[in-house]
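Undergrad: This structure is in structure tokens; I'll ask about it shortly.
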Amino acid sequence: MRAVVFDMDGLMFNTEDVYTAAGTELLRRRGHAFTAELKDAMMGLPAQPTFEIMIRHCNLKDTWQQLSAESDRLFLGYLGDQLTPMPGLMELLDALEWAAVPKAIATSSRRELVDPCLQPFDLERRFHFILTAEDVVQGKPNPEIYLTAAGRFGVSPAEMVVLEDSPNGCRAAASAGAFAVAVRSEHNQQYGFHMASLVVDSLADPRVLRGDRHRNVVRT
């Protein structure tokens, strides 16, 4: 393990709860419900495919750009009251810094949504770099963002651990050749994560730091 890359939404913070609140209100205004099926289909994708799925699912007249802009306003409005770090995040950052392991963020979110999540906890300074949707052409599950991260670190993807909470993110990491760790939470219990090299219960799971590629590998 020469470097660690964190996804952000649902992995570092409970932003899936915030996005659910925003999506619920967005569709309520249009007479639709934000179902679990729709939420699952949208999880872990960049903005354009996310809202194109919503348009098809609900037969909406809006463009994906209109839905994305409205969703962003709702998301930022809910953020201050609802945003919290996921269990084990701060302790894991401390442990990686103690071990002098460089770390980065690679997220499908745009920078304008990333900064408001990191700033309340003064986290940006703790990462070597941050890759957002603006930094790649192909979003997850395409491996581009993780291949870009490996290049920025100057390591091979196989020497890089990626922490993800969505199947699309894990597919991106695995396709890049990284050691993909799927982190369980309340919102992803329905997924098997067969593409991950390791499945853990939370960021506090000690197997995240052990990085044992043999005895501790769990496939589901």
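Undergrad: Direction-averaged shadow area of the convex hull around the Cα atoms of the chain, nm²? Walk me through the numbers on the way to the answer.
TA: Numbers: hull surface 44.6 nm².
Its Cα hull, projected and averaged over all orientations, spans 11.1 nm².
Undergrad: Right, something else. Output wanted: per-residue J couplings in Hz (rounded whole) for region 172-182, from phi through Karplus 6.51 cos²θ - 1.76 cosθ + 1.60, θ = phi - 60°, x for Gly and Pro.
TA: After applying 6.51 cos²θ - 1.76 cosθ + 1.60, I find 4, 5, 5, 5, 6, x, 7, 7, 8, 10, 8 Hz.
Undergrad: So how far, in whole Å, is the C-alpha centre of region 120-184 from the one of region 87-117?
TA: Computed from Cα coordinates, the inter-centre distance equals 11 Å.
Undergrad: A follow-up question, please. Angle check, please: helix 144-153 long axis (alpha carbons) against the longest principal axis of the chain (alpha carbons), in degrees 0 to 90, nearest 10.
TA: 40
Undergrad: So what is Rg over Rh here for region 145-188, counting just Cα atoms and using Kirkwood for Rh? Could the numbers behind the result be given before it?
TA: Values: Rg = 10.5 Å, Rh = 10.4 Å.
Reported Rg/Rh, Kirkwood definition of Rh: 1.01.
Undergrad: Trypsin sites (Lys or Arg not before Pro) within region 123-216: which are DSSP loop residues with at most 15 other Cβ atoms inside 10 Å?
TA: Numbers: sites: R125, R126, R152, R171, R184, R207, R210, R213, R215; in loops: R184, R213, R215.
Loop-located and lightly packed - R213, R215.
Undergrad: Next question, about the same structure. Using Cα pairs under 8 angstrom and six or more residues apart, how large is the relative contact order of region 61-220, in percent?
TA: On the way: 206 pairs, mean separation 26.9, N = 160.
It comes to 17 percent, rounded to a whole number.
Undergrad: Also, quick follow-up: Residues of the chain: accessible area per residue at 1.4 Å, in Å²? Intermediate values should be presented prior to the final figure.
TA: On the way: 9970 Å² over 220 residues.
Averaged over the residues of the chain, the accessible area is 45 Å².
Undergrad: Can you work out the Karplus-derived ³J(HN,Hα) for every residue in region 42-53? Use 6.51 cos²θ - 1.76 cosθ + 1.60 with θ = phi - 60°, whole Hz, and x for glycine or proline.
TA: Per-residue couplings from phi come out as 8, 5, x, 9, x, 4, 4, x, 4, 7, 5, 5 Hz.
Undergrad: Apply the Karplus curve 6.51 cos²θ - 1.76 cosθ + 1.60, θ = phi - 60°, to the phi angles in region 60-67 and return the couplings in whole Hz, x for Gly and Pro.
TA: For region 60-67, the Karplus-derived couplings read 8, 8, 5, 7, 5, 5, 5, 5 Hz, x marking Gly and Pro.
Undergrad: Quick one: which residues, 5+ away or cross-chain, put their amide H under 5 Å from the amide H of K103? H built at 1.01 Å from N.
TA: When sequence neighbours closer than 5 places are left aside, the close amide H contacts are V4, H128.
Undergrad: Report in % the part of the accessible area of region 1-58 that belongs to carbon and sulfur, leaving out ligands and nucleic acids; probe 1.4 Å. Kindly include the intermediate steps, with their values, before the conclusion.
TA: Working: 1170 of 2330 Å².
Roughly 50 percent of what the probe reaches on region 1-58 is carbon or sulfur.
Undergrad: Compactness ratio of region 1-102: Cα Rg over 2.2 N^0.38 Å, N = residue count?
TA: Numbers: Rg = 16.4 Å, N = 102, 2.2 N^0.38 = 12.8 Å.
The value comes to 1.28.
Undergrad: Using the Cα atoms of region 36-80, I'd like the radius of gyration and the largest Cα-Cα distance, Dmax, both in angstrom.
TA: Values for region 36-80 (Cα only, Rg and Dmax): 10.6, 31 Å.
Undergrad: What do you get for trypsin sites (Lys or Arg not before Pro) in region 45-83 restricted to DSSP loop and a cutoff of at most 12 other Cβ within 10 Å of the site's Cβ? Show your work: numbers first, answer last.
TA: Working: sites: R56, K61, R73; in loops: K61.
Passing sites in region 45-83 are K61.
Undergrad: Return one number: the angle in degrees, 0 to 90 and rounded to the nearest 10, between the long axis of the Cα atoms of helix 15-28 and the longest principal axis of the Cα atoms of the chain.
TA: For 15-28 against the chain, the angle is about 10 degrees.
Undergrad: Let me know the shape class of region 94-181, please: from the alpha-carbon gyration tensor, a ≥ b ≥ c as square roots of the eigenvalues, rounded when a/c is under 1.5, otherwise prolate if a/b is greater than b/c, or oblate. Walk me through the numbers before you get to the answer.
TA: On the way: a/c = 1.71, a/b = 1.13, b/c = 1.51.
Oblate is the answer for region 94-181, as a/c is 1.5 or above yet b/c matches or exceeds a/b.
Undergrad: Can you tell me what share of the DSSP beta bridges in the chain is antiparallel? A percent to the nearest 5 is fine.
TA: On the way: 1 of 19 bridges.
Antiparallel bridges make up about 5 percent of those DSSP assigns within the chain.
Undergrad: Give the long-range amide H neighbours of F13: residues separated by 5 or more places, or on another chain, with amide H under 5 Å away, using H modelled in the peptide plane at 1.01 Å from N.
TA: Long-range HN contacts for F13: M86.
The values are calculated or read from the model by the stated rules, or taken from the named source; none is laboratory data. All values derive from a computational prediction rather than experimental measurement. Note that we place each Cβ from the backbone using ideal geometry, even for glycine, and neighbour counts take in every protein chain shown. Accessible surface is based on the protein model in full, side chains and every heavy atom, while ligands, DNA and RNA are left aside. Shrake-Rupley method; radii C 1.70, N 1.55, O 1.52, S 1.80 Å.
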